[in-house]
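Enquirer: Input: one structure, supplied below.
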Amino acid sequence: MLLIKELMNIILLGYMGVGKSLIGKQLSDLLNQNFIDLDAYIEKKEGKSIRNIFSDSGDIYFRKVESKLLKDCLSNNKNIILSVGGGTPCYYNNISLINSSKNFSIYLKNSNIELSKRLFKIKNNRPLISNIESEDKMIEFVSKHLFEREFYYNQASIKINCEGKDLNAICSSIISSLS
């Protein structure tokens, strides 16, 4: 696993609900690297939840703060595993920062159907989708949104297909790709 030792940061990206935070925590244990969830980092720095940032200040403000704190997080930490929000790579040229030479990015990919099923169950925790009233509408939304964002996700260093895999299998795939 020589490559892992050479890497400074491993950045997990992908659509909401794919499991970036859960996978990041497991991966950090397996690789003995610190884990940071960018949304939790933002909440700590802003002193409020992502939901409240969106409702109080709007998504433009949130995206500016997100970009600033992504830079802050990456410049103040080394050898971390970082999970970023689903939209993070898509704004303010964040994908270039994510793919800078000191970082290794991983696109965690899953089907729009699987993501929609997961997200519909937890939609009240997600400001972007909390008002979607049916699973069919969720599939429509996720399919369109994922199509728009995949341009950015596909710029990741590697892609890991998570569909039908459990947490251990996904982490094993990631580690195999790094070694």
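The values are calculated or read from the model by the stated rules, or taken from the named source; none is laboratory data. Everything numeric here is computed off the predicted structure, so don't read it as measured data. Here Cβ is always computed from backbone atoms with ideal geometry, including for glycine, and neighbour counts include all displayed protein chains.
Enquirer: For region 80-104, name all the residues that are of a type in the set (S, T, N, Q) and within 11 Å of the chain's Cα centre (by Cα).
Expert: Across region 80-104, the qualifying residues are Ser83, Thr88.
Enquirer: I'd like the residue in region 80-97 that is of a type in the set (Ser, Thr, Tyr) and part of a helix (DSSP H, G or I) and, out of all such residues, is farthest from Gln155 (Cα to Cα).
Expert: Among residues in region 80-97 that are of a type in the set (Ser, Thr, Tyr) and part of a helix (DSSP H, G or I), the one farthest from Gln155 (Cα to Cα) is Thr88.
Enquirer: Among the residues of region 14-39, what is the count of those that are more than 20 Å from Ile113 (Cβ to Cβ) and either among the hydrophobic types (A, V, I, L, M, F, W, C) or over 11 Å from the mean Cα position of the chain (by Cα) (or both)?
Expert: Counting residues in region 14-39 that are more than 20 Å from Ile113 (Cβ to Cβ) and either among the hydrophobic types (A, V, I, L, M, F, W, C) or over 11 Å from the mean Cα position of the chain (by Cα) (or both) gives 13.
Enquirer: For region 42-64, check the following and say yes or no: at least one residue is modelled with pLDDT of 95 or more, part of a helix (DSSP H, G or I) and within 21 Å of Lys159 (Cβ to Cβ).
Expert: Looking for residues that are modelled with pLDDT of 95 or more, part of a helix (DSSP H, G or I) and within 21 Å of Lys159 (Cβ to Cβ), one finds none in region 42-64, hence no.
Enquirer: On the basis of being in a loop (DSSP other than H, G, I, E, B), at pLDDT 95 or above and on the phi < 0 side of the Ramachandran plot, does Ala156 make the cut?
Expert: yes
Enquirer: Does region 149-179 hold any residues that are in contact (Cβ under 8 Å) with a residue 12 or more places away in the chain, among the charged types (D, E, K, R) and closer than 30 Å to Ser55 by Cα, and which are they?
Expert: Scanning region 149-179 gives a single hit, Arg149.
Enquirer: If you check Leu74 against the conditions, is it within 25 Å of Lys165 (Cβ to Cβ) and either in contact (Cβ under 8 Å) with a residue 24 or more places away in the chain or surrounded by fewer than 18 Cβ atoms within 10 Å (Cβ to Cβ) (or both)?
Expert: no
Enquirer: Let me ask another. Can you pull out the residues in region 105-127 that are under 15 Å from the mean Cα position of the chain (by Cα), crowded, with 17+ Cβ neighbours inside 10 Å and either assigned to a loop (DSSP other than H, G, I, E, B) or of a type in the set (Val, Ile, Thr) (or both)?
Expert: Residues satisfying the conditions are Ile106, Asn110.
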